[in-house]
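First up is the structure itself, then whatever we jot down about it.
The values are calculated or read from the model by the stated rules, or taken from the named source; none is laboratory data. No experiment lies behind these values; they were computed from the predicted model shown. Glycine also receives a Cβ, built like all others from the backbone with ideal geometry; neighbour counts cover every protein chain displayed. When the accessible area is computed, the model is the full protein with side chains, heavy atoms only, and any ligands, DNA or RNA have been set aside. Shrake-Rupley method; radii C 1.70, N 1.55, O 1.52, S 1.80 Å.
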Amino acid sequence: AAVGLVVAGLAALVYATLSPGRVECEACVRFDGREACKSAAGADRAAAEQAAIATACSLVTGGVTETIGCQGREPVSLSCRER
């Protein structure tokens, strides 16, 4: 029974990770002289925007305080499309 639960949990995780979102966004951010662009998908536009901004910010920041500061700024560019 325990093995079945583990397998079911792993299957759910793989499905959630690999299942495509309905909206895909690309965000470009600039922080402390560094710039990065990243894409992310989400169930809706707000989730996709937030994920793209957070992923791009993770490339140009070093630490929690900088990450929060980056995510609080307006992105340099942001474009979304429905899939």
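Go through the range 55-74 and report how many residues are open to solvent by less than 50 Å² (accessible area, probe 1.4 Å) and in contact with a helix residue (DSSP H, G or I) (Cβ under 6 Å, 6 or more places away or on another chain).
Looking only at that region, the number is 4.
Name every residue in the range 57-78 that is touching a Phe, Trp or Tyr at 6+ places or on another chain (Cβ under 9 Å) and either in contact (Cβ under 8 Å) with a residue 40 or more places away in the chain or closer than 23 Å to Arg22 by Cα (or both), in order of residue number.
Cys57, Cys70, Arg73
Checking Ala52 against (1) more than 11 Å from Glu24 (Cα to Cα); (2) modelled with pLDDT of 95 or more: exactly one of these is not met. Which one?
Single failed check for Ala52: (1).
Of all residues in the range 37-54, count the ones that are surrounded by fewer than 18 Cβ atoms within 10 Å (Cβ to Cβ) and either without any contact (Cβ under 8 Å) to a residue 12 or more places away in the chain or in a helix (DSSP H, G or I) (or both).
5
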